[in-house]
Structures are given as C-alpha cells and as structure tokens.
Amino acid sequence: MAAVRNFAESKDGLKLRYEIRGDGEPVALIMGFSGSGRGWGEPFLKLMEQRFRIFVIDNRGTGESDKPDNEFTLGDMAADIAAVLDHAKTPRAHIFGISMGGMIAQEFALAYPLRTRGLVLGCTNCGASHSVPADPAAIANLIPAPGMDPIEQARRAFSVACGKAFLNSTKGQAILDQAIAEMGNYPVTPMHTFMRQGQAIGGFDSFARLGQIKSPTLIIHGDDDSIVPYPNAEVLQGAIKGSKKHTLKAAGHMFFWEAPEETVRVAIDFLSAAK
C-alpha cells in the first residue's frame, strides 16, 4: 500500500499531519522531542511497513502539523494521537513511542486503555520524580543555540543522541550526512516548539500510574544512551507489571537509526503476539 498523506484535527482545533504506510495491524508511531514523523528514518519505516499498517505522525509543533505557541501537556499530545486514529477510523492500534513519544505513549495507554493493543516504549522514562537524569550538558546539545548554523546544530545534537559505536563508524557517518543533507527539504521546527514541548515534558510524571497499564508492554533501550540513561528502562520494567525489556548493545538514543533491523525484528515478534 502506497503512503497516504492526511490531516486530522486535534480537540483544540489544530491541524495534525500524518501518513499511512503499509498493510497489516495498525501501529501508531510517536516521535520524540522536536522531531517530526520523518525523524524515524526510512530504513526503519520501510522495514515496519512490510509487516504493519503504520501511522507516521507529525507531532504538534513539528513537520506539517500546526505549530502553536501556547501551553499544552503530553496528555494533550496523547489526545492528538487519538484524533489521528479517529480520523483514520482506527478504533484500536499498537502504540510505539520513543523518548518524549514514549512518554506520550504512556499517557495514551493510560487514557485510552481499550484503544491500546501492544505498547512499545523506546528510550524513555516516567518523569523526573523517579527517573535517572542525563548529564545536563548532553541535554543542552539538543537545544538550538542562537545564531548557530542549522547544519552545525544538527551535528551537535547527533553527537549526543547517537551511540559512540555508530558515530565512529563509516556507515553511521554516511547515514548522518544523508539525513543532514535532506534537512532543507522539510519544515523547520520553530524555537517555540522546543520550549513548549520542553514545558510539557517538565510537567509529565507517570510513575504512580504505571501499575494501571494493562496492555502488553515492551521496553526497548540502547545501553549507550546519553539522553535517557539506560537504567530508566529498568525503572519502567519494574513498575509496569508483566512488561518485557530488550537491550540494544552499544546503541544510543537513536537506536532506531543505529539498529533498525534488530529494532523492527524485536517489535514484530512482540506486537504479533499482543492482542
């Protein structure tokens, strides 16, 4: 099935751009901080669409979705995912979120338990109260510096978002070079989105509610993650009853770029069994 580009409307009237690719069981893909749906990377998406009907979503503030400069919560962003699924007449789906998208996925599973089949939480945490924090210097590299060239800013972000093995490999550098070369083809994420999404992350804390998640849950995390340190995966697994954990060796925060084949294989095995 060829990709289909659509626009849903959020509960507060925002335009939400999403694309449907592939056939099979539905999987909503939720990107992380400041990234649009294109942030998943084509190698990962092409592998996923061979097995699933994937919803590639531009979060509010990114891509071709509306970019409001007002406060919102990760609960609001979870409602955005529900609005996309409503627009696509899809009452129930697997939910796969990474980083901030994994936080949104938790909010979705808690707010819409009957709509959540399998839940995949990648490189994420449960909010500040029970999380293992990153080095603030690493997080600072994700925020655009005033006046910095966008290409230099992208390289600065990737330098902490990717694992060291990937950064030091010829293949990894080629993937990053291509991604940076294509940046000009897509809408730029405005500075206020970084601030507003950052505020939403700051207001998020799911730890006390994680025991309410009943959907089959898989936690995927690279053990060389500088943005959301690996021990956060253990916190989540301990709090979500019956959850499973898969560790990607020598992978960083961008594990879906660094190891797309392993990521998709593990996701397929897990989601195929989630009912």
| task | Please figure out what share of the DSSP beta bridges in region 73-218 is antiparallel and state it in percent, rounded to the nearest 5. | result | 10
| Bin by bin, in steps of 10 Å, what percent of the Cα pairs in region 128-181 do you find, going until the bin that has the longest distance? | 22, 45, 26, 7
| message | Test of understanding: what is the full-extension gain from Asn168 to Ala250, defined as 0.36 nm times their sequence separation minus their Cα-Cα distance? | response | 28.4 nm
| At each listed q (0.18, 0.19 Å⁻¹), what is the log10 of I(q)/I(0) that the Debye formula gives for region 89-204 modelled as equal alpha-carbon point scatterers? | -1.14, -1.20
| message | Using C-alpha positions alone, give me the convex hull volume of region 53-128 per residue in cubic angstrom. | response | 99
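Could you tell me whether region 1-149 comes out rounded, prolate or oblate from its Cα gyration tensor? Rule is a ≥ b ≥ c as square roots of the eigenvalues, rounded for a/c under 1.5, then prolate if a/b exceeds b/c, otherwise oblate.
Numbers: a/c = 1.45, a/b = 1.37, b/c = 1.06.
Verdict is rounded for region 1-149.
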| task | Calculate, in whole percent, how much of the Cα-Cα pair population of the chain lies beyond 26 Å. | result | 36
| message | Using amide H atoms built in the peptide plane, which far-off residues or other-chain residues are under 5 Å from Lys244 H to H? | response | Thr217, Leu218, Ile219
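Give the Rg/Rh ratio for region 205-247, taking Rg as the radius of gyration of the Cα atoms and Rh as the Kirkwood radius, to two decimals.
Rounded to two decimals, Rg/Rh equals 0.97.
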| field | Greater than 20 Å apart at Cα, pairs in Lys46/Lys164; Lys171/Lys249; Lys15/Lys89; Lys67/Lys89 | value | Lys46/Lys164; Lys67/Lys89
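May I ask you to rank Glu64, Glu42 by accessible area, largest first, using a 1.4 Å probe over the protein chains only? Intermediate results must be reported in sequence, preceding the final value.
Details: Glu64 45, Glu42 80 Å².
So, going from the largest accessible area down, we get Glu42, Glu64.
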| note | Inter-part gap, Cα centre of region 154-169 to Cα centre of region 1-64, in whole angstrom, is 24
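Quick one: of the DSSP bridges fully inside region 1-144, what percent are antiparallel, nearest 5?
On the way: 10 of 24 bridges.
The antiparallel proportion sits near 40 percent.
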| task | Looking at the chain, send over the antiparallel percent of its DSSP beta bridges, to the nearest 5. | result | 30
| What are the aspartates and glutamates whose alpha-carbon lies under 17 Å from the alpha-carbon of Lys244, with same-chain residues fewer than 8 places away excluded? | Asp223, Glu234, Glu262, Asp269
| request: Using only alpha carbon positions, build the gyration tensor of region 34-92, then give the equivalent ellipsoid semi-axes as the square roots of 5 times its eigenvalues, largest first, whole angstrom. | output: 22, 16, 8
| note | Computed on Cα atoms, the radius of gyration and Dmax of region 178-242 in angstrom are 16.5, 44
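Cβ neighbours within 10 Å, averaged per peptide: list 237-243, 43-49 in order, most packed at the top.
Working: 237-243: 16.4, 43-49: 19.6.
Those peptides, ordered most packed to least, come out 43-49, 237-243.
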| Taking the alpha-carbon set of region 134-275, what are its Rg and Dmax in Å? | 16.9, 49
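Quick one: accessible area per residue over region 216-275, 1.4 Å probe, rounded to a whole number of Å²?
39
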| message | Please report the carbon-and-sulfur percent of the accessible area for the chain; probe 1.4 Å, protein heavy atoms only, DNA, RNA and ligands left out. | response | 56
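The values are calculated or read from the model by the stated rules, or taken from the named source; none is laboratory data. Note that the coordinates shown come from a computational prediction; the quantities given were computed from them, not determined experimentally. Neighbour counts are summed over all protein chains in view; Cβ atoms, including those assigned to glycine, are modelled from backbone coordinates with ideal geometry. Accessible surface areas use protein heavy atoms only, side chains included; no ligands, DNA or RNA. Shrake-Rupley method; radii C 1.70, N 1.55, O 1.52, S 1.80 Å.
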